[in-house]
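So the structure is just underneath, and the comments pick up after that.
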Amino acid sequence: MSKNNDKPKRNKPKIQTKYDQFVVPRLRDIPVWVREGATDEEIAKRLNIHIWTLGDYRRKHPKFAEALERPTKWETHVYPRLAEIQQWFEEGMNAEDIIRKLDIGKTTWYEYIDKHPMLAELVKWSRSVPISHVENSLLKAATGYEYEEIKTIIEEDKNGKKKTRIEKVKRYQPPNPTAMIFYLKNRAPNEWNDRRELVVNTKALEQERKQLFLDMIEADVVDADYEAIEESVDIEEGYIEPDDSQS
């Protein structure tokens with residue numbers, strides 16, 4: 001054997017790409033930059049690569065693409081504020097105002113409702129809140145309630161110095177008959193509603209009409225009740241009936 005074959009083979013050194021040199025060592029830094037709000041252009045500059053190269057690496061290297069993933073507005077704008085959204089609904093705020101407060105679009109809002117059950121349940125619950133408030137107020141008006149009336153009274157003493165005195169008076173609001181009627185008619189319509197439904201069997205009536213019509217067609221003669229009336233005309237003496245032919 002030749003001496004050249006006895007020599008051990010040496011592995012050729014691996015040629016490092018820009019990805020290995022500039023990106024791999026900073027894979028842990030990239031998510032931090034993303035959370036700080038850095039754009040792709042700013043990240044490319046920090047990695048000392050072109051923006052097009054960044055896009056190419058994102059397609060070729062899954063770890064790099066994962067590091068560049070930005071949190072959705074669900075994670076940054078909506079989910080951390082679910083308690084506030086519930087409070088806004090309780091205060092009677094509508095969905096459009098809440099969307100503006102969250103700084104998201106209408107399409108995004110409804111997309112998140114479809115994707116996230118917790119938001120869907122919150123929205124569903126919110127629809128019953130104002131109804132419940134109105135029902136409670138209606139019941140309160142129907143049954144009567146006590147309330148506190150606060151008066152601010154400004155008094156002037158002998159020296160001309162003004163003093164403010166707050167006076168609290170307890171009052172009672174008697175039941176409202178209109179509210180009572182409205183509440184009962186809607187909550188117990190069978191007992192309190194003025195309207196009564198009459199159920200008529202129209203099918204049976206239609207059958208009777210058809211049978212009567214068939215009987216009339218099959219009959220040869222249809223008897224009719226009639227009464228002969230004899231008319232008489234009295235003519236006075238000396239009255240000559242005019243001749244129509246001469247006129």
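The values are calculated or read from the model by the stated rules, or taken from the named source; none is laboratory data. Values in this document were obtained by computation on a predicted structure and should not be read as measured data. Note that each Cβ is placed from the backbone with ideal geometry, even for glycine, and that neighbours are counted across all protein chains shown.
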query = Based on what the data block shows, is Pro130 modelled with pLDDT under 85, within 30 Å of Val78 (Cα to Cα) and surrounded by 10 or more Cβ atoms within 10 Å (Cβ to Cβ)?
reply = yes
query = Hey, does region 134-156 have a residue that's closer than 22 Å to Glu96 by Cβ and either outside the structural domain of Gly92 (by TED's automatic domain parsing) or aliphatic (A, V, I, L, M) (or both)?
reply = yes
note = Quick count over region 42-53, residues being assigned to a helix (DSSP H, G or I) and touching a helix residue (DSSP H, G or I) at 6+ places or on another chain (Cβ under 6 Å), is 4
remark   = Those helices (runs of 4 or more DSSP H) completely within region 54-170 that have 1 or more residues that are in contact with a helix residue (DSSP H, G or I) (Cβ under 8 Å, 6 or more places away or on another chain) and hydroxyl-bearing (Ser, Thr, Tyr) are 106-115, 117-143
remark   = Residue count, region 142-165, condition at pLDDT 80 or above, in contact with a strand residue (DSSP E or B) (Cβ under 8 Å, 6 or more places away or on another chain) and of a type outside the set (Ser, Thr, Tyr), comes to 13
